[in-house]
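Working notes, beginning with the structure itself.
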Amino acid sequence: MNELIQSQERGLTDLRAGLGGHLAVMADEWTGRRQMWAGPIAVSTPAGIAPLIDHTILKPVATSDDVRKLCAEAAEFGFKSVCINPCRVSIAAEMLAGSGVEVCTVVGFPLGATTTADKAGETANAVARGATEIDMVINQGDVLAGQWQSVIDDIRAVVAAAGGHTVKVIIETCNLDRNGKIGACLASALAGANFVKTSTGFASGGATVDDIALMRLIVGGGMSVKASGGIRTTADALAMIAAGADRIGASASISIIGR
C-alpha cells in the first residue's frame with residue numbers, strides 16, 4: 001500500500017509540474033480534497049465483472065423490445081445497471097423495480113454541445129421518470145478552449161438537477177489532448193460529479209488503459225472511473241479494471257462475463 005501511495009504522489013507531482021494557468025489552480029484546489037486510491041478492484045473470475053457492468057444499448061434504432069431484453073439480461077446476470085436512451089427510461093424503471101439493477105440514461109448525448117439549461121432539464125426529466133444514474137457528455141469545445149469555469153458550471157447544474165443520484169461525466173477522451181483530459185477530470189471532480197467516463201461510443205475511439213490510468217491518477221479514490229467504448233472481451237474489461245476502472249460500459253456484457 002505504501003508503494004502505491006508513493007507512486008501516486010510521484011505521479012501527481014510530475015503531472016502538476018506540467019500545468020499552468022487555470023489548470024494549475026484547479027489542480028491545487030483538487031489536491032486538497034483528493035483521496036488516495038487504494039488500488040484496483042479484485043476480480044478473480046469473468047463472472048465477477050458482472051456487478052461492475054453498465055449493460056448498454058444506445059443505438060438510435062433501439063426499440064422498446066430491445067430495451068426490455070436488455071433489462072431482463074441485466075436482472076438475470078446481475079449487472080450493475082442498464083444504460084439506455086432517455087425515451088426508454090420509464091420502461092426500464094418499471095421492469096427493474098426491486099431488482100437492484102440501476103437505470104442509467106444519457107444527457108447531452110452524444111455531442112455534449114447542448115446548453116446547460118437543456119442538460120439540467122433532461123436530467124430532471126429522466127430522474128422524474130425513474131433514472132437513478134446520469135451519464136452526461138461534457139462540453140468538449142469549452143474544454144479545448146480552456147473555458148474551465150463554464151465546464152464546471154455545466155457539470156454542476158447536472159449534478160444539482162440529479163438530486164443526489166449518481167452523475168458520470170463522459171469526457172470523450174479521443175477528442176482531447178492530455179491537458180484537456182486532465183482539465184476535464186479536474187472540472188468533473190470540482191463540480192461534484194461521482195464518476196469520470198471515457199467515451200460515448202459514438203466518436204472515433206474508445207477506452208484505453210493509458211487514459212484510465214491517467215483519469216484514476218487525477219481523481220484518486222474519492223471518485224469512480226468508468227471505461228466505455230470498444231470493450232468487448234473479458235481481457236479488455238480486466239485490463240481496464242487493473243488500470244483503475246471501477247465501472248465498465250459495454251454492449252458485449254454477456255460475452256465479457258463468459259456466458
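Only the coordinates and a few stated rules stand behind these numbers; no lab work does. Note that the structure is predicted; figures quoted are calculated from it, not measured. With ideal geometry, Cβ positions are generated from the backbone for all residues, glycine too; neighbour counts draw on all protein chains shown.
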Inset, instruction - Using only the C-alpha atoms of segment 2-256, find the volume of their convex hull and express it per residue in Å³. - result: 114 Å³
Inset, instruction - Report relative contact order for the chain in percent, whole number only (criteria: Cα-Cα under 8 Å, sequence separation at least 6). - result: 20 percent
Legend entry - Using alpha-carbon coordinates, inclination of helix 178-190 to the longest axis of the chain, degrees: 70 degrees
Legend entry - For segment 248-259, Karplus couplings with θ = phi - 60° (6.51, -1.76, 1.60), whole Hz, Gly/Pro x: 10, x, 7, 9, 8, 4, 5, 5, 4, 8, x, 10
Inset, instruction - Between Ala72 and Asn125, with labels modelled 7 Å along Cα→Cβ, what's the label distance in nm to one decimal, could you check? - result: 2.9 nm
Inset, instruction - Compute the acute angle (0 to 90°) between the alpha-carbon long axis of helix 209-219 and the principal axis of greatest extent of the alpha-carbon atoms of the chain; round to the nearest 10°. - result: 70 degrees
Legend entry - Under-5 Å amide H pairs with Thr56, H placed in peptide plane, nonlocal only: Cys83, Ala250, Ser251, Ser253
Inset, instruction - Can you find, among Ala250, Val151, Gly192, the residue farthest towards the positive end of the dipole of the chain? Put +1 on the C-beta of Lys and Arg, -1 on that of Asp and Glu. - result: Ala250
Legend entry - Residue exposure sequence - Met215, Met223 - by fewest surrounding Cβ within 10 Å: Met223, Met215
Inset, instruction - Would you mind checking which residues have amide H under 5 Å from Arg247's amide H? H placed 1.01 Å from N; only 5 or more apart, or other chain. - result: Val225, Ala227
Inset, instruction - Report, by chain and number, residues whose modeled amide H sits under 5 Å from the one on Val167, excluding near sequence neighbours (fewer than 5 apart, same chain). - result: Ile134, Asn194, Phe195
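To the nearest 20 debye, what charge dipole does segment 2-256 have about its Cα centre, counting +1 at the Cβ of each Lys and Arg and -1 at the Cβ of each Asp and Glu?
Numbers: 20 positive and 25 negative charges, 22 e Å.
My answer is approximately 100 debye.
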Inset, instruction - Give the angle, between 0 and 90 degrees and rounded to the nearest 10, that separates the Cα long axis of helix 2-17 from the longest principal axis of the Cα atoms of the chain. - result: 70 degrees
Legend entry - ³J(HN,Hα), Karplus 6.51/-1.76/1.60, whole Hz, each residue of segment 98-111, x for Gly, Pro: x, 7, x, 8, 6, 10, 10, 9, 10, 9, x, 9, x, 8
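What net charge is computed for the residues neighbouring Gln8, neighbours being all others with C-beta under 15 Å from the C-beta of Gln8, Lys and Arg scored +1, Asp and Glu -1? Don't skip to the end; give the middle numbers.
Working: positive: Arg10, Arg16, Arg33, Arg34, Arg216; negative: Glu3, Glu9, Asp14.
Net charge around Gln8: +2.
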Inset, instruction - Run through the DSSP bridge list for segment 2-256 and note the antiparallel percent, rounded to the nearest 5. - result: 0 percent
Inset, instruction - Find how many whole Å separate the alpha carbon centroid of segment 46-118 from the alpha carbon centroid of segment 17-32. - result: 35 Å
